[in-house]
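What follows is a set of notes on a single structure, which appears directly below.
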Amino acid sequence: MPLADHLRELRNRLAKGLLAVTIVSIVAAFYSQQLMDFLSDPVPRCKEGLGESTGGSCAVVSYTKLLSPFTTTVKVSLMAGVVLSSPVWLYQLWAFVAPGLHKSERKYTYAFVAAAVPLFFAGAWLAYVIMPISMRVLLGITPDGASNILEMDDILDFSVRMVLVFGASFELPLLLVMLNMTGIVTGRRMLGWWRGVVMGVFIFGAVATPTTDPLGMLALAGPIVVLYFIAVGFSVLNDKRRRRGDPDAELDDDEASELDLTPEPIAPAPTAKALPEQVNGDGSRTAKYNGYDDVT
């Protein structure tokens with residue numbers, strides 16, 4: 001299609017995706033209280049208010065600004081709209097890109113998307129599971145006699161950041177598998193990186209998690225390391241399968257393949273008479289043609 005038609009199609013698909021997000025966000029606004037309760041549930045609540053809060057045993061969820069209830073409700077509704085309407089806007093994005101892909105590329109895309117969604121939700125579920133423990137560790141630093149008053153907006157940001165960090169981190173092994181499937185990185189090379197990768201994953205876990213406790217770092221880094229070695233094992237098996245079909249599959253573009261330069265035996269050429277024969281008048285044959293030694 002011409003460029004103008006591509007831009008027009010992109011505009012229409014973006015409009016459909018935004019419409020889906022808007023509709024779902026409006027519906028989610030009616031359930032904003034349940035959503036906020038779900039997000040703030042990991043916080044250890046004080047049962048009797050501030051008077052019973054001593055040290056880091058519990059916290060009180062509050063709104064400290066006049067517009068905080070409204071802005072928090074809008075933020076929660078928009079977040080729910082983006083997440084719950086993801087099948088619609090992801091399909092619109094796929095429908096815009098798919099016509100430019102080959103059949104084999106579409107097949108790989110389906111497989112990677114089918115693996116990426118469960119990995120992301122597994123990371124998000126793990127983040128939600130360890131959030132109560134992480135919050136108790138953070139609140140435990142509070143000295144005795146002090147009370148913890150947490151804004152709902154801060155709790156929402158903390159929860160969303162934890163979910164996004166854990167969910168996106170679980171996609172790292174899938175990225176390595178994609179690089180191996182495209183022939184960019186071999187499984188043997190990834191296996192040689194294991195020391196640096198393990199160290200980098202733990203450093204990333206310490207920096208990326210909002211909590212300062214080692215539990216959050218271990219909870220994030222441990223599963224990623226396990227998934228990394230699973231991706232390496234898959235890549236090694238894939239390299240063996242590729243090598244059986246093509247011995248030169250792992251060669252670089254500027255690397256010469258091994259050639260067998262042993263000469264093969266050549267069959268002897270069939271003998272043929274160099275000059276055409278001519279039957280003479282007495283029945284004898286001669287190689288001369290009209291008195292000449294060749295047909296010229």
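Conditions (1) of a type in the set (S, T, N, Q); (2) on the phi > 0 side of the Ramachandran plot; (3) at pLDDT below 80, marked per residue:
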site	(1), (2), (3)
Arg45	no, no, yes
Gly49	no, yes, yes
Glu52	no, no, yes
Val76	no, no, no
Ala95	no, no, yes
Gly100	no, no, yes
Lys103	no, no, yes
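Looking across the range 75-119 at every residue that is touching a residue at least 24 places away in the same chain (Cβ under 8 Å) and among the β-branched types (Val, Ile, Thr), the one that is nearest to Leu172 (Cα to Cα) is identified as Val82.
Residues that are of a type in the set (Val, Ile, Thr) and more than 15 Å from the chain's Cα centre (by Cα) were ranked within the range 94-138; the one that is farthest from Met1 (Cα to Cα) is Val137. I'd like to verify a number: residues in the range 152-188 that are more than 30 Å from Ser40 (Cβ to Cβ) and touching a Ser or Thr at 6+ places or on another chain (Cβ under 9 Å), how many? Qualifying residue count for the region: 9. The residues in the range 121-143 that are farther than 30 Å from Leu172 by Cα and crowded, with 17+ Cβ neighbours inside 10 Å can be counted, and the count is 2. Look at (1) polar (S, T, N, Q); (2) under 22 Å from Ala146 (Cβ atoms); (3) modelled with pLDDT of 85 or more and you find that Ser57 fails only one, number (3).
The values are calculated or read from the model by the stated rules, or taken from the named source; none is laboratory data. Small disclaimer: the values here were computed from a predicted structure and weren't measured. Cβ coordinates were reconstructed from backbone atoms using ideal geometry, including for glycine residues, and neighbour counts include every protein chain displayed.
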